[in-house]
1. Could you say whether any residue in the stretch B:27-40 is more than 10 Å from chain A (Cβ to nearest Cβ) and within 20 Å of A:Asn66 (Cα to Cα)?
2. Being without any contact (Cβ under 8 Å) to a residue 24 or more places away in the chain, open to solvent by less than 40 Å² (accessible area, probe 1.4 Å) and within 14 Å of chain B (Cβ to nearest Cβ), is that true of even one residue in the stretch A:195-206?
3. Where residues in the stretch A:42-83 are at the interface with chain B (Cβ under 7 Å from one of its Cβ atoms), without any contact (Cβ under 8 Å) to a residue 24 or more places away in the chain and more than 30 Å from B:Ile8 (Cα to Cα), which of them is most open to solvent (accessible area, probe 1.4 Å)?
4. Given the conditions (1) within 11 Å of another protein chain (Cβ to nearest Cβ); (2) out of contact with any Phe, Trp or Tyr (no Cβ under 9 Å at 6 or more places or on another chain); (3) open to solvent by less than 70 Å² (accessible area, probe 1.4 Å); (4) at pLDDT 95 or above, and given that A:Ile39 satisfies all but one, which numbered condition is not satisfied?
5. For the stretch A:177-206, give me the residue count where each residue is modelled with pLDDT of 95 or more and in a loop (DSSP other than H, G, I, E, B).
6. So, B:Leu56, is that one more than 8 Å from every other protein chain (Cβ to nearest Cβ) and among the aliphatic types (A, V, I, L, M) or not?
7. If you go through the stretch B:25-42 one residue at a time, how many are open to solvent by 40 Å² or more (accessible area, probe 1.4 Å) and either at pLDDT 95 or above or part of a helix (DSSP H, G or I) (or both)?
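The values are calculated or read from the model by the stated rules, or taken from the named source; none is laboratory data. Only a predicted model underlies this, so the values are computations on that prediction, with no experimental measurement involved. We place every Cβ from the backbone using ideal geometry, glycine too, and count neighbours over all the protein chains shown. SASA here: full protein model, heavy atoms, side chains in, ligands and nucleic acids out. Shrake-Rupley method; radii C 1.70, N 1.55, O 1.52, S 1.80 Å.
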Amino acid sequence: MEKNTEHTTHVHRDDEGDKLGMWLFIFTELLLFGMLFLIYAVYRFRNPVAFQLGGEELDVFIGTFNTVILLISSATVAMSITAIQRGNKKQALMLLGVTLFIAVVFLVNKYFEWGAKIEYGFYPGSEALMELGHGTILFFGLYYVMSGIHAIHILIGIGLFIYVVRQIQTEKIHSTDYIWLENTGLYWHLVDLIWIFLFPLFYLIH
Amino acid sequence: MSEEKHHISSYTSHFLVLGALLLLTAVSVAVTSLEMGKYDTLVAMLIAGTKAAIVLTWFMHLRFDNKIYAIFTVAVIVLFLLVLYITFFDYSYR
């Protein structure tokens with residue numbers, strides 16, 4: 001964020017400013033999900049049994065599997081930054097490839113998970129759900145909204161990774177200019193961070 | 001653009017962080033089968049909080065970056081906890 005006083009022909013760059021902007025965005029995201037967690041907390045406080053029964057309907061195995069692969073993808077994206085800083089383009093691309101693959105697998109798992117529930121008749125506004133109690137409707141409503149917004153973030157992450165991979169391939173991102181990769185990494189860790197809380201609050205209550 | 005020294009995290013440190021996160025995930029799933037009554041959620045949130053702190057500190061590089069990011073992050077978390085506390089204070093005494 002230092003002032004560029006010299007008049008040079010090169011393109012203006014402000015990596016620290018870029019990063020600060022990304023963090024400010026992350027804070028708004030934390031507050032967005034924070035308010036959803038607040039709603040969850042209040043409704044669970046008022047409907048403890050329904051939330052417990054709802055949680056038992058969710059597949060702990062899929063939830064744990066998705067948690068594990070998402071943590072691994074956070075590590076691979078962090079490692080890709082190390083690789084680019086060391087000037088190892090090939091390794092960075094490989095690590096980002098793994099991250100991208102995991103992001104897709106996460107969504108495929110979500111598809112099957114949601115698919116099974118929807119087939120069972122459990123989706124917002126469904127007859128089977130509406131016959132159940134108020135607390136159960138709230139639990140599944142929050143489950144779909146919160147994991148749905150999270151899934152949209154994964155989808156955006158996939159788009160960002162594809163962009164970053166192309167930028168590395170065309171040498172636009174390299175060992176001395178990698179703020180795009182760094183910020184994409186920060187975004188991906190945020191997605192991981194939110195899942196770290198979603199997982200126990202939905203899958204591990206019993 | 002300042003050409004200040006950037007901290008480069010080693011692959012080893014990333015592996016160690018990942019190992020810690022996976023271990024905590026395993027613990028979190030394992031303790032679910034224990035009957036701890038009302039402490040269930042508290043324990044789960046403590047583990048999740050520890051995982052989040054690890055991700056923020058190492059993967060999100062707060063430990064090595066300008067301190068202002070860490071200060072802001074803590075402020076946002078405190079703000080959230082405050083809102084949570086005030087909301088429950090309200091609900092508990094209705």
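1. yes
2. Checked the stretch A:195-206: at least one residue is without any contact (Cβ under 8 Å) to a residue 24 or more places away in the chain, open to solvent by less than 40 Å² (accessible area, probe 1.4 Å) and within 14 Å of chain B (Cβ to nearest Cβ).
3. Filtering first and then ranking leaves A:Phe45.
4. Every listed condition holds for A:Ile39 apart from (3).
5. Here the count works out to 1.
6. On the way: more than 8 Å from every other protein chain (Cβ to nearest Cβ): no; among the aliphatic types (A, V, I, L, M): yes.
No, not satisfied.
7. First, the residues of the stretch B:25-42 that are open to solvent by 40 Å² or more (accessible area, probe 1.4 Å): B:26-27, B:29-30, B:33-39, B:41-42.
In the following step, the residues that additionally are either at pLDDT 95 or above or part of a helix (DSSP H, G or I) (or both) were identified as B:26-27, B:29-30, B:39, B:41-42.
Residues that pass the stated criteria total 7.
Yes or no, residue by residue, for (1) surrounded by fewer than 18 Cβ atoms within 10 Å (Cβ to Cβ); (2) at pLDDT below 95:
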residue: A:Gly125; (1), (2): yes, yes
residue: A:Glu131; (1), (2): yes, yes
residue: A:Leu138; (1), (2): no, no
residue: A:Tyr143; (1), (2): no, no
residue: A:Ile152; (1), (2): yes, no
residue: A:Gly157; (1), (2): no, no
residue: A:Ile162; (1), (2): yes, no
residue: A:Val165; (1), (2): no, no
